[in-house]
Amino acid sequence: MKKTVLITGASAGIGKATAIYLAQNGYNVYGAARRTEKMNELKSFGIKPIALDVTKDESVTSCVNQILKEAGSIDILVNNAGFGSYGAIEDVSIEDARYQLEVNVFGAMRLAQLVLPKMRENKYGKIVNISSVGGKNAFPLGGWYHASKFALEALSDSMRNEVREFGIDVIVIEPGATKSEWGDIAFDSLVKVSGNTAYKDLTAKTHKAFTQLSDNIPEPIVIARLIKKGIEAKNPKTRYVGGSMSTTVLLLGKVLPDKLMDKVIMSQIK
């Protein structure tokens with residue numbers, strides 16, 4: 001029997017690539033996003049588009065209830081919806097900071113809360129949380145984004161040990177740089193927020209460094225394959241890593257003292 005998957009943020013990037021890849025490999029896929037018109041092409045792969053705004057509880061509840069009614073269960077949840085609110089911590093408004101956490105943290109965890117009862121009943125489930133190498137290492141001008149991903153990592157670790165006895169796995173995916181709309185949105189935000197403040201020089205250098213990096217980054221199918229590997233493993237790893245520079249960045253973050261890691265990070269922003 002086909003496993004039913006709910007993938008959030010399915011209108012572009014990693015979410016879209018994962019929805020298509022899993023549908024091509026025999027899964028019953030629901031692709032969720034605010035921009036339902038951008039998911040029309042997914043229908044040709046047998047994917048069912050569904051409207052979802054993860055910051056609105058009525059939207060989250062309606063989405064989950066509709067899938068449970070139609071499919072009977074949600075076997076796999078891929079919490080992919082997210083974005084990067086960039087700018088110096090001093091410059092980002094608290095309103096925007098809260099919204100960053102609403103999308104990247106609270107939206108994901110609310111979905112987990114809603115799918116867990118049926119997963120526990122079935123004694124089977126996979127919750128895949130899309131974090132980032134930025135969930136382990138924090139870079140300047142992305143503080144609120146990193147805060148959201150650090151939080152997602154911590155929540156995943158706690159949840160993993162809470163739900164294991166019910167036959168449910170919690171898997172974290174830590175992408176490095178991957179082709180998507182994410183970079184354009186994040187760095188447009190950066191320039192808008194901090195391009196004319198006390199942090200304008202650091203902003204210009206950071207923007208330049210990441211623009212150069214974007215020329216040689218992999219397609220999101222790399223992450224889609226990692227997700228499939230994780231959900232199909234009998235005993236999945238707690239974390240899977242992929243994308244440009246991901247393994248190197250995470251390794252350096254583990255072995256280097258904080259101030260030496262700071263120097264490595266700032267040496268790349270010239």
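Where a number appears in this text, it was derived from the coordinates with a stated rule and is not lab data. Remember, predicted model here, so these are calculated numbers, not experimental data. Neighbour counts run over all protein chains shown; Cβ positions are idealised from the backbone, glycine included.
Observations on the model:
- Within a Gaussian network of the chain (alpha carbon springs, distance under 10 Å), most fluctuating of 253, 13, 107: 253
- Only helices enter this figure: runs of n ≥ 4 DSSP H residues, each worth -39500 (n - 2.57), summed and divided by the residues of the chain, yield -15500 deg cm²/dmol at 222 nm to the nearest 500.
- From the alpha carbon centroid of the range 13-76 to that of the range 133-159 is 25 Å.
- Highest mobility in the GNM of the chain, judged by mean-square fluctuation with C-alpha springs under 10 Å and restricted to 32, 23, 108, is found for 23.
- Among 126, 38, 69, the residue with the largest mean-square fluctuation in a Gaussian network model of the chain, with springs joining Cα atoms closer than 10 Å, is 69.
- In the range 4-267, a dipole from Cβ-located charges (positive for Lys and Arg, negative for Asp and Glu) runs towards its positive end, and of 67, 25, 109 it is 25 whose Cα lies farthest in that direction.
- Span-like helix ranges in the chain, DSSP H, alpha carbon extent 15 angstrom or more, Kyte mean at least -0.5: 13-24, 57-71, 107-122, 143-163, 182-194, 221-232
- Evaluated with a Cβ-only charge set (Lys, Arg +1; Asp, Glu -1), the range 136-184 carries a dipole of roughly 120 debye about its Cα centre, given to the nearest 20.
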